[in-house]
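The values are calculated or read from the model by the stated rules, or taken from the named source; none is laboratory data. If you're wondering where the values come from, they're calculated on a predicted model, not measured in any experiment. Here the Cβ positions follow ideal geometry from the backbone for every residue, glycine too, while neighbour counts run over all protein chains shown.
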Amino acid sequence: MNKGMMNKSVTGFSAAVFFAAVLLLFFLAPGSVSAATDAPGGQKETPLERYCTKCHGLDRIYEKKDPAAKWWLTIRRMSTFDGFDLDAAEQKEVYDYLRENLAIDGPGGRADQLEKEMKKK
């Protein structure tokens with residue numbers, strides 16, 4: 001690989017890392033989440049924080065790039081695990097949050113956010 005090609009590869013990689021970091025900050029920024037309720041102390045708590053972090057960290061969720069249907073399958077699969085005691089309404093609350101905020105095909109999900117960012121440029 002010549003020096004010019006290597007510089008382009010490094011620049012492209014750096015841009016991709018920067019863009020991923022910006023997206024991550026956007027999704028984790030206060031006020032960027034919907035379906036949050038008041039938690040003790042007046043802080044906002046998402047369904048993911050209420051239910052999912054009992055077994056794993058949020059990073060495991062936010063790094064996934066799944067469509068809404070796959071999120072539903074994940075919730076159903078996890079509902080078979082010991083300690084995952086969510087009733088149907090709570091499972092739907094988690095699904096609705098994921099569909100609205102993280103599903104790549106959701107109405108406010110990652111695909112829509114990416115498209116909006118690309119249109120700005």
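Worth pointing out:
- Enumerated helices (runs of 4 or more DSSP H) restricted to the stretch 1-89, each holding at least 1 residues that are modelled with pLDDT of 85 or more: 47-51, 58-62, 68-78
- In the stretch 97-110, the residues that are out of contact with any Lys or Arg (no Cβ under 6 Å at 6 or more places or on another chain), buried (at least 16 other Cβ atoms within 10 Å of the Cβ) and not small (Gly, Ala, Ser): Tyr97, Leu98, Arg99, Glu100, Asn101, Leu102, Arg110
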